[in-house]
Amino acid sequence: MKNTSGNSSSKKNAGYKAAEYVEDGMVLGLGTGSTTHFFIEKVGMRIRDEGIKVMGIPTSFQSLLIAKEWNIPITTLEEHDIDLSVDGADEVDCDFNLIKGGGAAHTKEKIVDYAADKFIVIVDESKVVEELGTFPVPVEVLPDASRMVIKTLEDMGATCEIRMAQRKDGPVITDNGNFVIDAKFDNIESPAHLEIDLNSIPGVVENGIFSQMVDKVIIGTDDGTKEL
Ligand code: 5RP
């Protein structure tokens, strides 16, 4: 389920601003999505124009391809720690809790973003909310467990849909070979508790709530950025 709100100039402003925080020698977590696309692009330009030396750890096949297009050297979490991770979000609240996973990449994103010394989120203004929950929470599940996980999520009060592919018959398959259930809760009183509760359901691989992880939020606007 893609969050198609926001326009590309605000996304570009946010992504390009975040690239200013990249320093020579850093290992970078490369998030996924249309906003992060601009961040990766700008890092590539800085490598080309300023000769900075950085390495990237992609959070998806999509970000791997963009990094390769911009000649950003790739590494893995097996080989390096991460200095700075930059990633988009589908919602961000005033306590910096996030919903991610509109691009079905939240499992790898959470591993990489959590591992980073510093985590910057880049969004346009349409993603900033008072309380999480207008956007359904993406829950990556092992395919065999999906029916049982949906039953449990419904018992928890969610309305659920298995995310369907748009240009393929059947469900979206994540980079990890799993399904995604989009779980819409009426309200999310405690993102931190819901994040833990969702991951306690057998068969759930990871959910899209990111609580207490973010160091900085860069909000792109039509003519610049704001930082929180
Ligand atoms: C992918 C994500 C993305 O970061 C999120 O969906 C935001 O994407 P975009 O920048 O295209 O709006 O979590 O799983």
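For beta carbons closer than 7 Å, sequence separation of 6+ or different chains, a first residue in the stretch 124-142 that is polar (S, T, N, Q) and a second that is outside any strand (DSSP E or B), the qualifying pairs are Ser126/Ser5; Ser126/Gly6.
Conditions tested, residue by residue: (1) in contact (Cβ under 8 Å) with a residue 60 or more places away in the chain; (2) touching a His at 6+ places or on another chain (Cβ under 7 Å); (3) assigned to a helix (DSSP H, G or I); (4) not assigned by TED's automatic domain parsing to the domain that holds Glu20.
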| position | (1), (2), (3), (4) |
| --- | --- |
| Arg147 | no, no, yes, yes |
| Lys151 | no, no, yes, yes |
| Thr174 | yes, no, no, yes |
| Leu194 | no, no, yes, yes |
| Asp197 | no, no, yes, yes |
| Val217 | yes, no, no, no |
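Of the residues making up the stretch 116-172, those that are of a type in the set (Asp, Glu) and within 20 Å of Lys226 (Cα to Cα) are Asp124, Glu125, Glu130, Glu131. Just wondering, is there one or more residues in the stretch 22-36 that are surrounded by fewer than 14 Cβ atoms within 10 Å (Cβ to Cβ), charged (D, E, K, R) and under 19 Å from Val121 (Cα atoms)? The answer is yes, given that some residue of the stretch 22-36 is surrounded by fewer than 14 Cβ atoms within 10 Å (Cβ to Cβ), charged (D, E, K, R) and under 19 Å from Val121 (Cα atoms).
Determine which member of the set Phe96, Phe119 is within 15 Å of the chain's Cα centre (by Cα) and either at pLDDT below 95 or in a strand (DSSP E or B) (or both). Explain how you work it out, then say what you get.
Values: Phe96 fails: either at pLDDT below 95 or in a strand (DSSP E or B) (or both).
Being within 15 Å of the chain's Cα centre (by Cα) and either at pLDDT below 95 or in a strand (DSSP E or B) (or both) holds for just one of Phe96, Phe119, which is Phe119.
Hey, does the stretch 73-85 have a residue that's within 25 Å of Asp182 (Cβ to Cβ), under 16 Å from the mean Cα position of the chain (by Cα) and in a loop (DSSP other than H, G, I, E, B)? The answer is no, given that none of the residues of the stretch 73-85 is within 25 Å of Asp182 (Cβ to Cβ), under 16 Å from the mean Cα position of the chain (by Cα) and in a loop (DSSP other than H, G, I, E, B).
The single residue among Val141, Val149, Val129 that is more than 14 Å from the chain's Cα centre (by Cα) and surrounded by fewer than 21 Cβ atoms within 10 Å (Cβ to Cβ) turns out to be Val129.
Among the numbered conditions (1) surrounded by fewer than 16 Cβ atoms within 10 Å (Cβ to Cβ); (2) modelled with pLDDT of 95 or more, the only one that Cys160 does not meet is (1).
Criterion applied to Lys53, Lys68, Lys42 was being more than 12 Å from the ligand (Cβ to nearest atom), assigned to a loop (DSSP other than H, G, I, E, B) and basic (Lys, Arg), and the one residue passing it is Lys53.
The values are calculated or read from the model by the stated rules, or taken from the named source; none is laboratory data. Since the structure is predicted, the reported quantities are computational estimates derived from the model, not experimental observations. For neighbour counting, all protein chains shown are included, and Cβ atoms are generated from backbone atoms with ideal geometry for every residue, glycine included.
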